[in-house]
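The values are calculated or read from the model by the stated rules, or taken from the named source; none is laboratory data. This is a predicted model, so every value here is computed, not measured. Because the Cβ atoms are built from the backbone with ideal geometry, glycine has one as well, and the counts that use them run over all protein chains shown.
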Number of protein chains: 2
Amino acid sequence: MTALLGLDWGTTSLRAYRLGADGAILERREAPAGILQVADGAFEAAFRRAVGDWVDAAPDVPVLAAGMITSRQGWVELPYLACPAGVAELARALRPHELAGGRQIWFVPGLSLVGGDGVPDVIRGEETQVAGALDGAPDPALLVLPGTHSKWVLVAAGQVTWFRTFMTGEVFAVLKAHSILGRLMTGDGHDPDAFRRGVAYAGSAGAGLLGRLFSARTLGLFDQLPASGIGSYLSGLLIGTEIEEALHGSPHTAMDSVAVVGSSVLAARYVEALEQRGLRAARAPDDVAARGMFEIARAAGLVA
Amino acid sequence: MTALLGLDWGTTSLRAYRLGADGAILERREAPAGILQVADGAFEAAFRRAVGDWVDAAPDVPVLAAGMITSRQGWVELPYLACPAGVAELARALRPHELAGGRQIWFVPGLSLVGGDGVPDVIRGEETQVAGALDGAPDPALLVLPGTHSKWVLVAAGQVTWFRTFMTGEVFAVLKAHSILGRLMTGDGHDPDAFRRGVAYAGSAGAGLLGRLFSARTLGLFDQLPASGIGSYLSGLLIGTEIEEALHGSPHTAMDSVAVVGSSVLAARYVEALEQRGLRAARAPDDVAARGMFEIARAAGLVA
């Protein structure tokens, strides 16, 4: 018995979930229909193609969508909700949008935060994943959501009180594809020793990242790192640096445990790096977005 | 009267100097004949094309070459000379190479240093520029040579005692050309206010670079930075971060003056950023490579 239809609609992909009364995932779909793949703003057509049969088969079931679908390039642009905010605030901020035929879809807004340094930061989609990852989490809980733009999120008493975006994944990708470091790399295999060496260097005292990147070249030059390990070394150096920055930048600097959201290979690397640094790393599954939408829908009274 | 022919032979260009008895530049040439432009190792032919007439017209004059021409991809690969090293050590390490017809060319080696963190670093070409930039410099002197890979060099009692490579220029280039930040940028003009804001952010306490890059997006998103200023802001953030890292990483942390080598637009930005940070920035001209080759040749007894 379907209780909720949820769409985790990002930049490059659309993940759809059909959820039961207790939030269990009854069915899931994934399509390469991210907002960048939808031409001319034809989001409702894309929505129908993805889950039209689900919608028609469950005429009284609420539909929620979260992610970049609410950005300026998406279907309906929503302003960011200012932190601190949790499931209750997200539920109150749900924005209904009427579909052809009168059915409604509810959009979940992203969050904004002005950091202690006066600079604003934003998340859009991750707030929903975080909402679904809190079951059994400590309080406060520090979470990391690895990706092109990795997000670290601190949750206290059920509310997001701090977060920060790290461009680690994108920096790695552009250095690999377009810099001298990438031209030195051979192969795509993971080299655990090289990765650990990068993480260790990131965690040692001394220079910052700009003055350390070149080590990916010089260690090879002096035969201390095989060319096949340069990619893993750079990955370890960048992820390790991110971890140092995040732990140092979080208002709760005494956290000894971090929840890593996702089941990707990248998430596994974060677990390795965190454990190397002596932290406990708990894994949260990919489906936290579905769970988060269910929690928000329940807080909004859309599901029982 | 020609006393020395000097070639500053880098990756993308070849600069040649005809120097007088006191090291004065009598004539200069620049050709797009960097080592990457020379096919099939035909360096001697490229050399003849660039300065064959000079060489023939001054049969008894020594010829020096410095830069990437002594790298593995260059004409004659030279091992790095370990620091500390100055003009005297570079002069002793000159490597002669016999040209067709029996004439010699002398190659200047680069320098290597194992940092306090155990990681090796290298320069090749900058050691000669530094040798030419010390006239009138304080002791110790801290120099920065801006570029794709910016080099900071500390010279004490005439010897290079520390240096560090920062990949700032390349990081900026790949982020501008290939990242989301570059896609947000409009125009190529310099925005002094945006640049200063980036430098100021880099110098403030708090997160590191990976957690600050995204501000180039969010400040625009919240209308605190025009799209036309994002490039200058990112440049200021990166150069400012490099300055913080270099001043913090140098063994002489109390330096209040930095010599900026070069007359490029980029060098001017470093002067602006240093002065914004309250440091004195002295400019050293581009032709320090010619002066450096003259000093090394003199120390080697090749010129009077």
ask   = Restricting attention to the range B:116-126, does a residue exist that is surrounded by fewer than 15 Cβ atoms within 10 Å (Cβ to Cβ), out of contact with any strand residue (DSSP E or B) (no Cβ under 6 Å at 6 or more places or on another chain), of a type in the set (A, V, I, L, M) and over 20 Å from B:G6 (Cβ atoms)?
value = no
note = By residue number, the members of the range A:266-299 that are of a type in the set (V, I, T) and in contact (Cβ under 8 Å) with a residue 60 or more places away in the chain are A:V288, A:I296
query = Would the range A:152-175 turn up any residue that is surrounded by fewer than 18 Cβ atoms within 10 Å (Cβ to Cβ), more than 30 Å from A:V87 (Cβ to Cβ) and under 27 Å from the mean Cα position of the chain (by Cα)?
reply = yes
key: Verdict on B:L90 being surrounded by 14 or more Cβ atoms within 10 Å (Cβ to Cβ) and not in a loop (DSSP other than H, G, I, E, B)   = yes
task = Being assigned to a loop (DSSP other than H, G, I, E, B) and of a type outside the set (S, T, N, Q) is the filter here, so list the residues in the range A:3-23 that pass it.
result = A:A3, A:G10, A:G20, A:A21, A:D22, A:G23
inquiry  = Anything in the range A:183-201 that is of a type outside the set (A, V, I, L, M) and either buried (at least 20 other Cβ atoms within 10 Å of the Cβ) or free of Cβ contacts under 8 Å to residues at least 24 places away in the same chain (or both)? List them, or say none.
reply    = A:R183, A:D191, A:F195, A:R197, A:G198, A:Y201
message = Name the single residue that is surrounded by the fewest Cβ atoms within 10 Å (Cβ to Cβ) among those in the range B:233-247 being acidic (D, E) and touching a residue at least 60 places away in the same chain (Cβ under 8 Å).
response = B:E245
task = Would you confirm whether any residue within the range A:149-164 is closer than 25 Å to A:A268 by Cα, assigned to a loop (DSSP other than H, G, I, E, B) and at the interface with chain B (Cβ under 9 Å from one of its Cβ atoms)?
result = yes
key: Total residues in the range B:130-151, condition surrounded by 21 or more Cβ atoms within 10 Å (Cβ to Cβ) and more than 18 Å from B:S257 (Cβ to Cβ)   = 2
remark   = A careful count of residues in the range A:95-114 that are in contact (Cβ under 8 Å) with a residue 12 or more places away in the chain and within 22 Å of A:V51 (Cα to Cα) gives 11
task = Kindly provide the set of residues from the range A:281-294 that are closer than 30 Å to A:D193 by Cβ and at pLDDT below 95, ordered by number.
result = A:A282, A:R283, A:A284, A:P285, A:D286
inquiry  = Give me the helices (runs of 4 or more DSSP H) completely within the range A:175-285, filtered to those with at least 2 residues that are out of contact with any strand residue (DSSP E or B) (no Cβ under 9 Å at 6 or more places or on another chain) and of a type in the set (D, E, K, R), ordered by residue number.
reply    = A:192-203
request  = Would you check if A:A289 is assigned to a helix (DSSP H, G or I) and away from chain B (no Cβ under 14 Å)?
outcome  = yes
task = Just give me the residues in the range B:67-83 being surrounded by fewer than 17 Cβ atoms within 10 Å (Cβ to Cβ), of a type outside the set (A, V, I, L, M, F, W, C) and at pLDDT 95 or above, in sequence order.
result = B:E77, B:P79
inquiry  = Just the residues that are farther than 29 Å from A:G189 by Cβ, surrounded by fewer than 13 Cβ atoms within 10 Å (Cβ to Cβ) and not hydroxyl-bearing (S, T, Y), please, taken from the range A:252-268.
reply    = A:A254, A:D256
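Matching residues to (1) touching a helix residue (DSSP H, G or I) at 6+ places or on another chain (Cβ under 8 Å); (2) at pLDDT 95 or above:
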{"site": "B:A216", "(1), (2)": "yes, yes"}
{"site": "B:I239", "(1), (2)": "yes, yes"}
{"site": "B:L247", "(1), (2)": "no, no"}
{"site": "B:T253", "(1), (2)": "yes, no"}
{"site": "B:D256", "(1), (2)": "no, no"}
{"site": "B:A259", "(1), (2)": "no, yes"}
request  = Find the residue count for the range A:24-56, including only residues that are on the phi > 0 side of the Ramachandran plot and assigned to a strand (DSSP E or B).
outcome  = 0
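Yes or no, residue by residue, for (1) polar (S, T, N, Q); (2) under 24 Å from the mean Cα position of the chain (by Cα); (3) under 18 Å from A:R103 (Cβ atoms):
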position: A:G10; (1), (2), (3): no, yes, no
position: A:R15; (1), (2), (3): no, yes, no
position: A:L19; (1), (2), (3): no, yes, yes
position: A:Q37; (1), (2), (3): yes, yes, no
position: A:A42; (1), (2), (3): no, no, yes
position: A:A46; (1), (2), (3): no, yes, yes
task = Give the residue that is nearest to A:A88 (Cα to Cα), with candidates limited to residues of the range A:110-141 that are more than 14 Å from chain B (Cβ to nearest Cβ) and more than 13 Å from the chain's Cα centre (by Cα).
result = A:L134
Of all residues in the range A:195-251 being among the polar types (S, T, N, Q) and more than 15 Å from A:S150 (Cβ to Cβ), the one that is nearest to the chain's Cα centre (by Cα) = A:S232
remark   = So, first residue touching a residue at least 12 places away in the same chain (Cβ under 8 Å) and hydroxyl-bearing (S, T, Y) in the range B:248-259, second residue assigned to a strand (DSSP E or B) and buried (at least 20 other Cβ atoms within 10 Å of the Cβ), Cβ within less than 6 Å, six or more apart or across chains; the pairs are B:S250/B:L154
key: Residue check for B:S204: surrounded by fewer than 22 Cβ atoms within 10 Å (Cβ to Cβ) and within 8 Å of another protein chain (Cβ to nearest Cβ)   = yes
remark   = If you go through B:D139, B:D135, B:D117, the only one that is over 30 Å from A:F166 (Cα atoms), free of Cβ contacts under 8 Å to residues at least 24 places away in the same chain and either among the acidic types (D, E) or part of a strand (DSSP E or B) (or both) is B:D139
